[in-house]
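Contents: one structure, followed by commentary.
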Amino acid sequence: MTATIPESQQLAYIAAKAADSRINLELETEGMTLNIGPQHPATHGTLRLIAKLDGEQVVSCEPSPGYMHRGYEKLTEVRTYPQVTTLVNRIDWLGSFANEVPFILAAEKLMGIEAPPRAQWIRTILFELSRLANITLFLGDLGAQMGGVTAVFYAFRDREHVLNQIESVTGGRFHPNFDRIGGLKDDLPKGWIADTKKTMDKIRDFCDEIETLLIGNEIFQTRARGIGVIPPEVALSYGLSGANLRGSGVDLDLRRDDPPPGMPYDKLDWKVWTHPDGDCFSRTWVRLQEVRESTKIIDQLLDSIPSGPIMAKVPRIIKVPEGEAYVQTENPLGAMGYYVVSKGDLVPFRVKIRSASFNNVSIVPWVTRGVYVPDVITILATLYFILGDIDR
Amino acid sequence: MPRDDRREAILARISEHLGDAVVGSHIRVGDDLWVRVTREAWPEAAEVAQKRLGCHFFDFLSAIDWLPSPFGRDMDSQEDIVVKGLEPKEPAPMASGYAGGDTRFQVFARVYHPVEHWGVTFKADLPDDDLSVGTWSNVYRGANWHERETHEMFGFDFVGHPNLIKLYLPIDFEGYPLRKDFPLLSRRVKPWPGIVDVEPMPGEDEPGDGDGEGEGGSE
């Protein structure tokens, strides 16, 4: 026998059940969209991340770049070849000189000229110095993003030494604009070689300091090991390059494997480090070793620097013959290349800029699936991008 | 004429897999390789490059607009016209680059062999009336963003792309900025400031400007 329940009571019961289920429905399935950026300290630049969360876990995280897009590919079409270096300096602003080199090499390849040996050596030294300036700041900034602010001060202190050396040659701390088609603007100042050697010692000390302070830190290791694992085939498929690729165990360094003409890496004794884990820790560790190797490269280059002119014979008004050339170098952030199409004019017809961070960040939606929110920051920090290098 | 046996062999392997779809090629000895394929074979070229040739490293994908700038030389170099008083030249006839081409728009992409250390640049022609081409993003994941960029900058349609929306530009942006007929407005309305302060070279005659300025007021 069923108890008779008044209709009003039945309706109330149904309504209560429905309300309950709606609450449960909301708790279980409705996620939350967290908008990180465009202005956020963790993105060091105006990168916006649209993260869909389920609790603390990331369901999807889609970067939205473009807040700083400056249209360099269009602008290069109305600049003469020597003027382009001023623009491309601003792509990766922490290692500015390294941006100029592949473009100049591409133009030299099309013109069929090569810089004299002394210019090649100094060019490579400055190229490596910008790597030091870039990656020392990475090692410090990593600490700041993961909650250990101390490392930042060490990094800024020692990067200053590197910047001073760049400044005393080029006159510019951040945007040297020093590379020329066929050579360099100026020769080295007096006493610079000895000063730079002292700086290299300081950077090596800095590496030891940061290794004990940050890399060996237990909290850092807990937060970085096993987080954001990128297998090698995925890294290659996304076009990751530089330390991100070597941190996934792929032994590819364009300086050793495919050195462009006019960079004497094949005459030097140094090592390319890889790490098989593919996580945040391995990317950081590979960068630390890269700094150490880079100081060794600079030391050897300083010892073997040849004498002679620093400019090849180039016409005053530079017209680049018709053709196409692609030159790629191992920049601080990874492989950076310029695909230059020339029509025999004063200006490039088309320049495709392949910047490292663009490919490195395009993996973010893949690598952040299922991780926790604080790990997103760790992953972004160790993928290491410069906004200007994404947005160009 | 020196031969590049290594790249000849690579080209032969590509031709073997793609057959008649390879419509043009160019080898710069000891340096680089260009292969032009038909539009229909564009997705297949990615498959061949990755799975048959072993070019696992994705470099970039973009496009070229071969139309000579309809704005003439004044977009290119005002210095020649203003300083030397030259007549603006007629734009040159349209010509394509390495590996040839028949159309205004070409999509091109580059992949790299991470072990043997060589790269190859693929190109494909796109007819003006149908700017669509198959996607590479299901072979090379990195092509996803590159195709989005090419989509907004050139107006190409990548068939099969999972998420073909604008990457850099605002959603309501109109036009395709990297096409040659898209004017660079800042240059149209105002000459580049660099040409204003062109100084005469030593030995050339000083132009008398008659306003009493210049040379630091020596009297």
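Among the residues of the range B:9-22, count how many are in contact (Cβ under 8 Å) with a residue 40 or more places away in the chain and surrounded by 15 or more Cβ atoms within 10 Å (Cβ to Cβ).
Number of matching residues: 2.
Identify, from the list B:Ser25, B:Ser69, the residue that is surrounded by 20 or more Cβ atoms within 10 Å (Cβ to Cβ) and either at pLDDT 80 or above or outside any loop (DSSP other than H, G, I, E, B) (or both).
It is B:Ser25.
If you check B:His56, B:His113, which single one turns out to be modelled with pLDDT of 85 or more and either under 18 Å from the mean Cα position of the chain (by Cα) or more than 8 Å from chain A (Cβ to nearest Cβ) (or both)?
B:His113
Quick check, is B:Trp42 in contact (Cβ under 8 Å) with a residue 60 or more places away in the chain, under 18 Å from A:Tyr326 (Cα atoms) and buried (at least 20 other Cβ atoms within 10 Å of the Cβ)?
Spelling it out, it is not the case that B:Trp42 is in contact (Cβ under 8 Å) with a residue 60 or more places away in the chain, under 18 Å from A:Tyr326 (Cα atoms) and buried (at least 20 other Cβ atoms within 10 Å of the Cβ).
Provide a single number: the residues in the range A:310-347 that are more than 7 Å from chain B (Cβ to nearest Cβ), in a strand (DSSP E or B) and farther than 22 Å from A:Glu128 by Cβ.
5
Tell me whether the range A:166-174 contains one or more residues that are under 18 Å from the mean Cα position of the chain (by Cα), closer than 17 Å to A:Lys202 by Cβ and either surrounded by 18 or more Cβ atoms within 10 Å (Cβ to Cβ) or of a type in the set (A, V, I, L, M) (or both).
No, that holds for no residue.
For A:Leu214, are the conditions met, namely being under 18 Å from A:Tyr384 (Cα atoms) and at pLDDT below 90?
yes
Please go through (1) buried (at least 17 other Cβ atoms within 10 Å of the Cβ); (2) within 14 Å of another protein chain (Cβ to nearest Cβ); (3) over 23 Å from the mean Cα position of the chain (by Cα) for B:Arg6 and return the number of the only condition it doesn't satisfy.
Of (1) buried (at least 17 other Cβ atoms within 10 Å of the Cβ); (2) within 14 Å of another protein chain (Cβ to nearest Cβ); (3) over 23 Å from the mean Cα position of the chain (by Cα), only one is false for B:Arg6: (1).
Residues checked against (1) within 19 Å of the chain's Cα centre (by Cα); (2) crowded, with 17+ Cβ neighbours inside 10 Å; (3) at pLDDT below 90; (4) outside any loop (DSSP other than H, G, I, E, B):
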residue: A:Val234; (1), (2), (3), (4): yes, yes, yes, yes
residue: A:Arg255; (1), (2), (3), (4): yes, yes, yes, yes
residue: A:Pro260; (1), (2), (3), (4): no, yes, yes, no
residue: A:Trp273; (1), (2), (3), (4): yes, yes, no, no
residue: A:Pro276; (1), (2), (3), (4): no, no, yes, no
residue: A:Thr284; (1), (2), (3), (4): yes, yes, no, yes
residue: A:Gln289; (1), (2), (3), (4): yes, yes, no, yes
residue: A:Ile298; (1), (2), (3), (4): no, yes, no, yes
residue: A:Leu302; (1), (2), (3), (4): no, yes, no, yes
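Name the single residue that is nearest to the other protein chains (Cβ to nearest Cβ) among those in the range A:365-378 being surrounded by fewer than 22 Cβ atoms within 10 Å (Cβ to Cβ) and either assigned to a helix (DSSP H, G or I) or free of Cβ contacts under 8 Å to residues at least 40 places away in the same chain (or both).
A:Trp366
Which residues, counting only those in the range A:80-118, are under 22 Å from A:Arg350 (Cβ atoms), at pLDDT 85 or above and part of a loop (DSSP other than H, G, I, E, B)?
A:Asn89, A:Arg90, A:Ile91, A:Asp92, A:Gly112, A:Ile113
Among the residues of the range B:129-151, is there at least one that is surrounded by fewer than 22 Cβ atoms within 10 Å (Cβ to Cβ), under 18 Å from B:Val37 (Cβ atoms), modelled with pLDDT of 85 or more and in contact with a Leu (Cβ under 7 Å, 6 or more places away or on another chain)?
No: zero hits.
Step by step: first the residues of the range A:348-364, then only those that are more than 9 Å from chain B (Cβ to nearest Cβ) and either surrounded by fewer than 23 Cβ atoms within 10 Å (Cβ to Cβ) or assigned to a helix (DSSP H, G or I) (or both), then the one that is farthest from the chain's Cα centre (by Cα). Which residue is that?
The selected residue is A:Val364.
State which residue pairs qualify: first residue closer than 22 Å to A:Arg159 by Cα and inside the range A:295-307, second residue surrounded by 22 or more Cβ atoms within 10 Å (Cβ to Cβ) and aromatic (Phe, Trp, Tyr) in any location, beta carbons under 9 Å apart, and separation of 6 or more residues or different chains.
From residues that are closer than 22 Å to A:Arg159 by Cα, the pairs are A:Leu301/A:Trp121; A:Leu302/A:Trp121.
Could you please find all residues in the range A:247-306 being within 14 Å of chain B (Cβ to nearest Cβ) and acidic (Asp, Glu)?
Correct list: A:Asp251, A:Asp253, A:Asp257, A:Asp258, A:Asp266.
The values are calculated or read from the model by the stated rules, or taken from the named source; none is laboratory data. These numbers come from a predicted model, not from an experiment. Note that we place each Cβ from the backbone using ideal geometry, even for glycine, and neighbour counts take in every protein chain shown.
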